[in-house]
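The values are calculated or read from the model by the stated rules, or taken from the named source; none is laboratory data. Quick caveat, the model's predicted, so the values are computed rather than measured. In this analysis, Cβ positions are derived from the backbone assuming ideal geometry, glycine residues included, and neighbour counts consider all displayed protein chains. Surface accessibility is based on the protein's heavy atoms, side chains included, excluding ligands, DNA and RNA. Shrake-Rupley method; radii C 1.70, N 1.55, O 1.52, S 1.80 Å.
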Amino acid sequence: MSDADGKPGADGKPGAEEKPVAAEPAVRELRLVVTAADYDAALHFYRDVLGLTERGAFSSPDGRVTILDAGRATLELTDPNHAAFIDEVEVGRRVAGHVRVAFQVDDSAATTARLAAAGAEVIAEPMRTPWNSLNSRLEAPGALQLTLFTELGELTESGD
């Protein structure tokens, strides 16, 4: 094993920057929990309009919860400077709070129009990013800011 600069540690164990890789992932699912004041409108928007599949629905004496499948989940961590860069690219100014939800969709332009027709506020229309995806930004039910993105493929040397 080696330490952070690539040299073996005195005890042969990994350095501070190197972590052993577990054979089995420690986390099985990322679940984003959103408290929506207008539950019915949010459920309609995310399930019926965006098309997330319902995995389960449960109730308590005074409330309800629905678990929607959003496909594969990742946790994207960014520092404030890069978050500002993403906002600048997608919107033209800093607009997101500390949480923004991004959905990869087959057609971000059509999905943006469909979600806008269902009540989402379009903050930025779909536009091509430097990382070659077509991204839009919306303010959606549950007070969530959404990025919709469609991967456009590998960039060539000419940038196309």
By my count, strands (runs of 3 or more DSSP E) wholly in region 49-105 with at least 3 residues that are of a type outside the set (V, I, T) and more than 23 Å from V122 (Cα to Cα) are 53-60, 63-69
Residues R100, R114: which one is open to solvent by 60 Å² or more (accessible area, probe 1.4 Å) and either closer than 16 Å to R47 by Cα or touching a Cys at 6+ places or on another chain (Cβ under 6 Å) (or both)? R114
Mind checking whether some residue in region 32-48 is closer than 15 Å to L148 by Cα and in contact (Cβ under 8 Å) with a residue 24 or more places away in the chain? yes
Extreme residue, most open to solvent (accessible area, probe 1.4 Å), among residues of region 128-145 that are in a strand (DSSP E or B) and in contact with a Ser or Thr (Cβ under 8 Å, 6 or more places away or on another chain): L134
Does L138 count as under 13 Å from L50 (Cβ atoms), touching a strand residue (DSSP E or B) at 6+ places or on another chain (Cβ under 6 Å) and in contact (Cβ under 8 Å) with a residue 40 or more places away in the chain? no
Please give the number of the condition E125 fails out of (1) open to solvent by 40 Å² or more (accessible area, probe 1.4 Å); (2) in a strand (DSSP E or B); (3) closer than 24 Å to T35 by Cβ. (3)
